[in-house]
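Engineer: Before I ask anything, here is the structure I am working with.
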Amino acid sequence: MSDDTPKIEIYKRANKLKVKAGGDPKGGPGRFDATAVNRANIVIQKMSDMYPNEIKKSLEELDRLWNETKQMDSNARADHAALMSNTANKIKDLAGTFGYELMSYFGTSLRDYILDTDLSQPEQATIVQAHVDVMQVAYRENLKGMKHPLADELKRVVAEAIAKYS
């Protein structure tokens with residue numbers, strides 16, 4: 001190496017945001033303060049009382065959007081399909097946050113199905129309707145986990161609709 005070759009220096013800057021969030025200032029893996037995690041869990045637990053009402057409103061919105069979508073021509077359905085997908089995603093998020101695994105499963109399934117389909121065909125409408133129906137039952141029966149016998153039946157209904165009409 002000649003003397004006229006520029007020397008490169010590397011500066012390691014502290015990641016202030018990482019340190020603020022509880023990370024290691026020397027660059028190691030970050031961690032979360034256990035007391036902050038506990039405070040967040042307490043807030044989530046207190047908000048869990050709101051879950052039934054929030055899910056009820058979201059299911060009503062989903063039902064309203066679906067009924068409107070069924071009345072539209074195929075060109076207008078795409079915009080409504082996006083709204084339905086967003087509502088299904090909201091249901092998935094709420095259910096997942098508060099431990100309603102089955103509702104989260106159906107919210108994810110409906111969201112993904114709507115994003116991957118054109119709702120102009122009756123067969124596809126049957127699959128969407130199956131999702132909406134089982135979500136209503138899961139809410140009405142207050143089903144949380146995936147291991148309840150009724151949960152298995154509801155999953156089977158949607159799986160059969162998808163297998164038959166896809």
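The values are calculated or read from the model by the stated rules, or taken from the named source; none is laboratory data. Model, not experiment: these values are computed from the prediction. Ideal geometry is used to build each Cβ from the backbone, glycine not excepted, and the neighbour counts take in all protein chains shown. In case anyone asks, the SASA skips ligands and DNA or RNA and just uses the protein heavy atoms, side chains included. Shrake-Rupley method; radii C 1.70, N 1.55, O 1.52, S 1.80 Å.
Engineer: From (1) open to solvent by 60 Å² or more (accessible area, probe 1.4 Å); (2) in contact (Cβ under 8 Å) with a residue 60 or more places away in the chain, pick out the condition that doesn't hold for P122.
Structural biologist: Status for P122: all satisfied but (2).
Engineer: What is the one condition in (1) open to solvent by less than 40 Å² (accessible area, probe 1.4 Å); (2) under 15 Å from Y51 (Cα atoms); (3) not in a loop (DSSP other than H, G, I, E, B) that L143 does not satisfy?
Structural biologist: Against the list (1) open to solvent by less than 40 Å² (accessible area, probe 1.4 Å); (2) under 15 Å from Y51 (Cα atoms); (3) not in a loop (DSSP other than H, G, I, E, B), L143 comes up short only on (3).
Engineer: Let me ask another. So how many residues does the stretch 66-87 have that are surrounded by 12 or more Cβ atoms within 10 Å (Cβ to Cβ), over 21 Å from the mean Cα position of the chain (by Cα) and within 13 Å of T117 (Cα to Cα)?
Structural biologist: Of the residues in that region, 1 qualify.
Engineer: I've got another one for you. What pairs come up if the first residue lies in the stretch 60-82 and is among the charged types (D, E, K, R), the second is open to solvent by less than 40 Å² (accessible area, probe 1.4 Å), and their beta carbons are under 7 Å apart, counting only those six or more places apart or on different chains?
Structural biologist: Hits for this filter: E61/T87; D63/V132; E68/H80; K70/A125; R77/T69; R77/L119.
Engineer: Let me ask something else. Within the stretch 97-111, work out how many residues are modelled with pLDDT under 95 and open to solvent by 50 Å² or more (accessible area, probe 1.4 Å).
Structural biologist: Final tally of qualifying residues: 1.
Engineer: Continuing with this model, one more query. Identify all residues within the stretch 36-63 that are exposed (fewer than 13 other Cβ atoms within 10 Å of the Cβ) and either among the acidic types (D, E) or closer than 18 Å to Y113 by Cα (or both); write none if there are none.
Structural biologist: Residues satisfying the conditions are D49, E60.
Engineer: I've got another one for you. For the stretch 146-163, which residues satisfy the criterion of being assigned to a helix (DSSP H, G or I) and touching a residue at least 40 places away in the same chain (Cβ under 8 Å)?
Structural biologist: Those that are assigned to a helix (DSSP H, G or I) and touching a residue at least 40 places away in the same chain (Cβ under 8 Å): A151, L154, K155, V158, I162.
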